[in-house]
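Some notes on the structure that comes next.
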Amino acid sequence: DTAAAIDWNRFAVAGVRQVRAARTPAELETALSQLFTPLGPGIEIGASLTPPRAIGPRNPDLIAWHYRGPGLTSAASGPYSSKRINRTVTVPSSQQPSPAIISQTISADSLRGRAIRMRGLVRIANANASGWAGLWLRVDRGQAVGFFDNMENRPVRDTTWREYVIEGSIAADATQIVFGALGVGGMSLDVDAIELSVRREGGEWTPLAVRDAGFEEDENSSRQGWGRNLYMSLVRPTGGAPQGTRYVRIPALPAAPTVASAPARASDSLETPVTGAVSEFTLARGLRARVPLSLTDAEARTASVTTATLRAALAAVPPSTGNDDLDVRLADVVIAWNVFRHFYPYWNDLTVDWDARLRPQLAAAYEAASTRQAHHDVLRVLVADLNDGHGSVRDVAKPARVGLLPVTFRILSNRLIVTGSRESTAPVGSVVVRVDGASAAGRILSETQLASGTPQWKRTRAEWALQMCHLDVAVTLHIEPPDGVARDVTLPCKQEGPSVAEVRPDSITELEPGIWYVDLTRVRAEQLRPQLPVLAKARGVVFDVRGYPTDAGAAVLSHLMRVPETSTDRWMHIPRFARPFAEVAGWQDLTWSLRPVSPLISGERIFLTDGRAISYAESVMGYVRDYKLGTIIGGTTAGANGNVVGFTLPGGFSVMFTGMRVSRHDGRTPYHTVGVAPDIPLEPSLEGIRAGKDEVLARALTILQIRP
């Protein structure tokens, strides 16, 4: 019970500080014992351990944890969850909800398949008040919930204005997006400058319309669009706003009465605790440790005489969010390394020795400068070691003010090529030699080294990174344009991105009689459906999946399949953990359960794809490959699929990674870092780009025996 109530981010910072002072094995043993033995009975640390108790049968009355995937917080949503067997959870009663909430809703119809970002300026009134506060963002999928984040695991703690950020994804079947701010318990907060944006195909963030985003309207104005609790009054102070002239103050509400839910019971044998189960492992300096994995009710309630001392020490730890000193950097590595060690589902598919990576990762944090960028880069390198295309690190405590250059890039043969431009001085087909005086090849190398995933996805991430810039700070490129006259061009850094990433035909169009082109990254299912009877009669259809599909990507598959999925076709696998160190007790296997749907698109089908296709795009391409739904031309997809999950580190960085194992449709063959390889490999050339030719599409048309 003590361990379950610990703030582990604070514990990590305090623990690093205490352990760093140890100079001998005896001092280290003492420091670790002081930190960990107050957490519960049965924890042992020493050069030798007492004889372990006997392992007994499964006992449904014991206290233990069971995880379905990385259910890292009590608010875990989607396919992941955690359960503390035989422990109640205290929740607000239904008499009166305790959160003070403002909210606004927009339709998701034209936004499906995109990444979404919410930003806002927030501060709390009293850092010592009970409860917590934050922004919140939810994506609804009909009666189900898709992405959800309310910052419960990284609440606002500052009494001065700071920007906070939430990023997520909009599901292919999303219906609406709901967002706002909330204070829970006794927490009052101030909010201003709400911004909601979606990431477009080129990687740029495009703001969406938010009514009264700066809270400048009068409370009684018909133009203010914020809903709120019926029994809650809002105040809009007219002085001290960080942006504009007003902001909104969300008052603390009286705490609602609480009730205890029914104890969480084991739902099957895998969740039933094992009597005497322990985990034993080797530490440094000749020490070993033992941690019990199940306890009786009485044992779980036992508090050590030193528990109060530990709690007092943790309460004295200053806020670490946004801090870059040594203890915080090391604590960030400790937390991140552990989360991946225990919950990353791909250790059996990779050759990475994660245990061996701990020492160099700690050393990198130790040697890094006490700057935000150096701190960030240490964590990016750690996540890069996972080889996880979903792996990323965002600074949510001190997010940089970034914009986008008015150009898009592709990296071909280690050269940075302009493939889209809104500036005549930097025409399409230009080779970028230097960026602000630095070698473009060197920038490509550094960005790919800091990205996680396959080489093709690292290249995509580097293309995006090189397009990003410090907002309102111009960037000078030295280019070799198609006309051959090398020169410097200075480009502005603005919030708006390029209008076109690359030239493609209309999203759904007939290129020649009987030959159709469908760009699944742009056309929506509602636009595709009326065209299905025509496509069903077509001699050939080219489907473009060079990027992230809309909801049409999944919708079209049933019109290509001739046989339904079988009961054994399970390609998404959620690990079930009852023990640490990623020891899988079992799997929950899932699929989309697709069946053929009329009309059948029976002509020749060709799919275009490359390393920009990741996650949901690879779900679509997995069906294409394993059900032989068409010929694939282009490059290998990113090799990262499965629902993502995130956590926040003491220093204020948000980390994302893949929480489930995805295989091919036989349920066994690895997919991670493999992706979908093309039947016909083909990469654009500089000559083709300069000629305005889509060589990958041209090859598809050649196969269909028509002139490109």
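The values are calculated or read from the model by the stated rules, or taken from the named source; none is laboratory data. Note that this is a predicted model, so its numbers are computed, not measured. Note: ideal-geometry Cβ built from the backbone for every residue, glycine included; neighbour counts use all protein chains shown.
Determine whether R699 is surrounded by fewer than 22 Cβ atoms within 10 Å (Cβ to Cβ) and touching a helix residue (DSSP H, G or I) at 6+ places or on another chain (Cβ under 9 Å). Here the answer is no, as R699 does not meet what is asked. Pairing residues of segment 347-366 that are in contact (Cβ under 8 Å) with a residue 12 or more places away in the chain and in the same structural domain as T282 (by TED's automatic domain parsing) with residues that are surrounded by 15 or more Cβ atoms within 10 Å (Cβ to Cβ) and not in a loop (DSSP other than H, G, I, E, B), at Cβ distances under 8 Å and at least 6 apart in sequence or on separate chains, gives no pairs at all. Residues in segment 307-318 that are surrounded by 13 or more Cβ atoms within 10 Å (Cβ to Cβ) and polar (S, T, N, Q): 1 in all.
Mind checking whether some residue in segment 623-636 is modelled with pLDDT under 95 and farther than 30 Å from V16 by Cβ? Full working, then the answer.
At the first step, the residues of segment 623-636 found to be modelled with pLDDT under 95 are none.
No: segment 623-636 contains no residue that is modelled with pLDDT under 95 and farther than 30 Å from V16 by Cβ.
When restricted to residues that are in a strand (DSSP E or B) and either surrounded by fewer than 18 Cβ atoms within 10 Å (Cβ to Cβ) or modelled with pLDDT under 90 (or both), segment 166-181 contains 5. In the set L382, L293, only one residue is within 30 Å of A400 (Cα to Cα) and modelled with pLDDT of 95 or more; that residue is L382.
Need at least 2 residues that are at positive phi per element, so show me which strands (runs of 3 or more DSSP E) inside segment 614-708 make the cut, counting only ones lying wholly within it.
Working: elements: 631-634, 644-648, 653-658.
Hits in segment 614-708: none.
If you filter segment 354-409 down to residues that are among the aromatic types (F, W, Y) and part of a helix (DSSP H, G or I), you find that the one that is nearest to the chain's Cα centre (by Cα) is W354.
Condition check: among the charged types (D, E, K, R) and outside the structural domain of G553 (by TED's automatic domain parsing). Does E512 satisfy that? It is false that E512 is among the charged types (D, E, K, R) and outside the structural domain of G553 (by TED's automatic domain parsing). Scanning segment 232-256 for residues that are in contact with a Pro (Cβ under 9 Å, 6 or more places away or on another chain), at pLDDT 90 or above, more than 19 Å from T105 (Cβ to Cβ) and of a type outside the set (F, W, Y) yields R246, R249.
With the requirement that a residue be of a type in the set (A, V, I, L, M, F, W, C) and either part of a loop (DSSP other than H, G, I, E, B) or buried (at least 20 other Cβ atoms within 10 Å of the Cβ) (or both), what does segment 109-120 give you? Passing the criteria: L111, I116, M118. Only residues that are within 23 Å of D483 (Cβ to Cβ) and either surrounded by 18 or more Cβ atoms within 10 Å (Cβ to Cβ) or hydroxyl-bearing (S, T, Y) (or both) were counted in segment 409-465, giving 21.
Let's see how each residue does on (1) touching a strand residue (DSSP E or B) at 6+ places or on another chain (Cβ under 8 Å); (2) modelled with pLDDT of 95 or more:
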{"site": "R434", "(1), (2)": "yes, yes"}
{"site": "I444", "(1), (2)": "yes, yes"}
{"site": "T448", "(1), (2)": "no, yes"}
{"site": "S452", "(1), (2)": "yes, yes"}
{"site": "H470", "(1), (2)": "yes, no"}
{"site": "V473", "(1), (2)": "no, no"}
{"site": "T476", "(1), (2)": "yes, yes"}
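Restricting D324, D297 to residues that are farther than 23 Å from E29 by Cβ, of a type outside the set (K, R) and crowded, with 18+ Cβ neighbours inside 10 Å narrows the list to D324. Only a single item in (1) under 19 Å from V291 (Cβ atoms); (2) surrounded by fewer than 18 Cβ atoms within 10 Å (Cβ to Cβ) is not met by I63, and it is number (2). Only residues that are charged (D, E, K, R) and farther than 19 Å from V396 by Cβ were counted in segment 326-378, giving 8. Scan segment 573-583 and give yes if some residue there is more than 30 Å from A115 (Cβ to Cβ), of a type in the set (A, V, I, L, M, F, W, C) and under 26 Å from the mean Cα position of the chain (by Cα), otherwise no. Yes, the conditions are met somewhere in segment 573-583. Do we find a residue being modelled with pLDDT of 95 or more and either surrounded by 18 or more Cβ atoms within 10 Å (Cβ to Cβ) or over 30 Å from V584 (Cβ atoms) (or both) anywhere in segment 394-407? No - not one qualifying residue is present in segment 394-407. If the condition is being closer than 13 Å to F607 by Cα, buried (at least 22 other Cβ atoms within 10 Å of the Cβ) and not hydrophobic (A, V, I, L, M, F, W, C), then segment 631-642 contributes G634, G635, T637.
Table: residues versus (1) within 22 Å of the chain's Cα centre (by Cα); (2) at pLDDT below 95.
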residue: G642; (1), (2): yes, yes
residue: F647; (1), (2): yes, yes
residue: P650; (1), (2): yes, yes
residue: G667; (1), (2): no, yes
residue: D679; (1), (2): no, no
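Are any of the residues in segment 142-164 of a type in the set (G, A, S), touching a Ser or Thr at 6+ places or on another chain (Cβ under 6 Å) and at negative phi? No.
Any residue that is over 25 Å from D388 (Cβ atoms) and either in contact with a helix residue (DSSP H, G or I) (Cβ under 8 Å, 6 or more places away or on another chain) or among the aliphatic types (A, V, I, L, M) (or both) - is there at least one of those in segment 448-470?
Taking segment 448-470 first, the residues over 25 Å from D388 (Cβ atoms) are 469-470.
Of the ones still in play, those that are also either in contact with a helix residue (DSSP H, G or I) (Cβ under 8 Å, 6 or more places away or on another chain) or among the aliphatic types (A, V, I, L, M) (or both) are none.
Taking every residue of segment 448-470 in turn, none turns out to be over 25 Å from D388 (Cβ atoms) and either in contact with a helix residue (DSSP H, G or I) (Cβ under 8 Å, 6 or more places away or on another chain) or among the aliphatic types (A, V, I, L, M) (or both).
G514 - would you say it is small (G, A, S), farther than 23 Å from Y616 by Cβ and at pLDDT below 95? Judged against the criteria, G514 is a match.
Residue under question is A252, and the condition is that it be under 30 Å from D395 (Cα atoms) and among the hydrophobic types (A, V, I, L, M, F, W, C); does it hold?
On the way: under 30 Å from D395 (Cα atoms): yes; among the hydrophobic types (A, V, I, L, M, F, W, C): yes.
Judged against the criteria, A252 is a match.
The number of residues in segment 441-474 being in contact with a Leu (Cβ under 7 Å, 6 or more places away or on another chain) and assigned to a helix (DSSP H, G or I) comes to 5. Selection within segment 130-165: residues that are of a type in the set (S, T, Y) and surrounded by fewer than 20 Cβ atoms within 10 Å (Cβ to Cβ). The member of this set that is modelled with the lowest pLDDT is S130.
Among residues of segment 206-231 being loosely packed, with under 14 Cβ neighbours inside 10 Å and over 19 Å from L121 (Cα atoms), the one that is modelled with the lowest pLDDT is S222.
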